[in-house]
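Report on one structure; see the data block that follows.
The values are calculated or read from the model by the stated rules, or taken from the named source; none is laboratory data. Given the structure is predicted, the values throughout are model-derived calculations rather than measurements. All Cβ positions, glycine included, derive from the backbone under ideal geometry; neighbour counts span all protein chains shown. When the accessible area is computed, the model is the full protein with side chains, heavy atoms only, and any ligands, DNA or RNA have been set aside. Shrake-Rupley method; radii C 1.70, N 1.55, O 1.52, S 1.80 Å.
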Amino acid sequence: MSPHEKYMRRCLELAKNGLGRVAPNPMVGAVLVREGSIVAEGYHRAHGLPHAEVEAIGRVGDKGLPAGCTLYVSLEPCCHFGKTPPCTDLIIASKIPRVVVATPDTFGQVNGAGILRLRSAGVDVTVGVLEREARELNRRFFTFHEKARPYVILKWAQSADGFIDARRAAGAPPAAISGEQAHRLSHKWRTEEQAIMVGTRTATLDNPALTARRWHGSNPLRVVVDRHGALPRSLRLFNGEAPTVALTGGDPRGWMQALRERGVQSLIVEGGAALLQAFIDAALWDEARIFTAPKSLGQGVPAPRLAGAVQHSILVGEDSLQIVSNEKKF
């Protein structure tokens, strides 16, 4: 591992701490290095708070010290005024001579302009160290700005024989498939994404709350597909515990456009089978998280049909969790 890779990996580790807190901004980590030692580091903690570069530079006790440092940062420094001033201006004012960047920022107001601004000021800029890993970390952000839609995560639980539920009428409880540890992990995921979606049938049959009540963190925006605008407002989705958007009519592409207009960068789609399959058939998904329980149902609602590259499989309690990646996502 080269020194550049070593320090950039630290930037990526730091950046991950912002998951679920920084959107619509990207997760970013920064490290200041002098003579082979880290002298300060920082990461973007939450939307509206200082960026990673500002955090790192601000942690240097000796204000003259950055002038002899190399700054490593996992994303191209911003060069525009937003919630905070441009990071490029602070880097230049701090007389930092060298900056190593993992990946350019393809957001329209940056998109190479930050790198150009630094180079124009005489800063030596290296780009592309662990670029693939950096893009993967901020896959939600890049998908939103490059594909003009949220990053879509499909999630379901299925029995060992491939069913996601029993066939049942309204009022009948859903089949118990995954275990408590899988439920807790699912709620943790809800705190990490901006929105969660169900369809009309799931809203009617299950009356879900779609909150992160089994984990500490923020509730996502609740999205329900209500094609005919007929869902009763007595459902828990409309109880005011978390914001809710009802999408009428349309199809997955139309729903994605509506969510993009609201600034939603990531979406978890949770059953039923028809809604999940609609996203699969439209090729509008980026990854799938599938719990498979050791129990069998014998009959019921078949799980969606999905083809993709399996990234990894782990045990969560007694359930097997498969993470499947859409090979066309980047």
Leaving out ligands and nucleic acids, note down the accessible area per residue over segment 1-152 with a 1.4 angstrom probe, in whole Å². 44 Å²
Solvent-accessible area of K295 with every protein chain in place, 1.4 Å probe, in Å² to the nearest 10: 90 Å²
Name the residue farthest towards the positive end of the dipole of segment 1-128 from the options V39, L75, A113, assuming +1 on Cβ of Lys and Arg, -1 on Cβ of Asp and Glu, about the Cα centre. V39
With all protein chains present, the chain has a carbon and sulfur share of its accessible area (1.4 Å probe) in percent of 50 percent
Of all DSSP beta bridges in the chain, what percent run antiparallel (nearest 5)? 45 percent
Pick from R149, R139, R184 the residue whose mean-square fluctuation is largest in a GNM of the chain, springs joining Cα atoms under 10 Å. R184
Gap separating the Cα centres of segment 111-144 and segment 1-62, nearest whole Å: 14 Å
Farthest towards the positive end of the dipole of segment 181-289, among A288, S234, L185 and with Cβ unit charges of +1 on Lys and Arg and -1 on Asp and Glu, lies the Cα of S234
Heavy-atom accessible area per residue of segment 276-330, all protein chains kept, 1.4 Å probe, expressed in Å², is 51 Å²
Taking only the alpha-carbon atoms of segment 146-275, the convex hull volume per residue, in cubic angstrom, is 118 Å³
Taking H as built 1.01 Å from N, whose amide H comes closer than 5 Å to the amide H of V100, not counting residues under 5 places away? L71, Y72, V73, T126
Members of K16/K83; K16/K188; K95/K147; K16/K95; K6/K147; K83/K188 lying beyond 25 Å, as alpha-carbon distances in this model show: K95/K147; K16/K95; K6/K147; K83/K188
Computed [θ] at 222 nm, helices only, for the chain once each DSSP H run of length n ≥ 4 contributes -39500 (n - 2.57): -7500 deg cm²/dmol
Rounded tilt (10° steps) of 252-261 against the dominant C-alpha axis of the chain: 40 degrees
Which value in nm describes the separation of the simple spin-label points at A46 and N239, placed 7 Å from the Cα toward the beta carbon? 2.5 nm
Can you tell me the dipole magnitude for the chain around its Cα centre, using point charges on the Cβ only (Lys, Arg +1; Asp, Glu -1), in Debye to the nearest 20? 480 debye
Karplus-derived HN-Hα couplings along segment 85-102 (A = 6.51, B = -1.76, C = 1.60, θ = phi - 60°), whole Hz, x at Gly and Pro: x, x, 5, 4, 5, 5, 4, 5, 5, 7, 6, 6, x, 9, 10, 10, 10, 6
The chain: most fluctuating residue of S320, S159, S37 per GNM, C-alpha cutoff 10 Å: S37
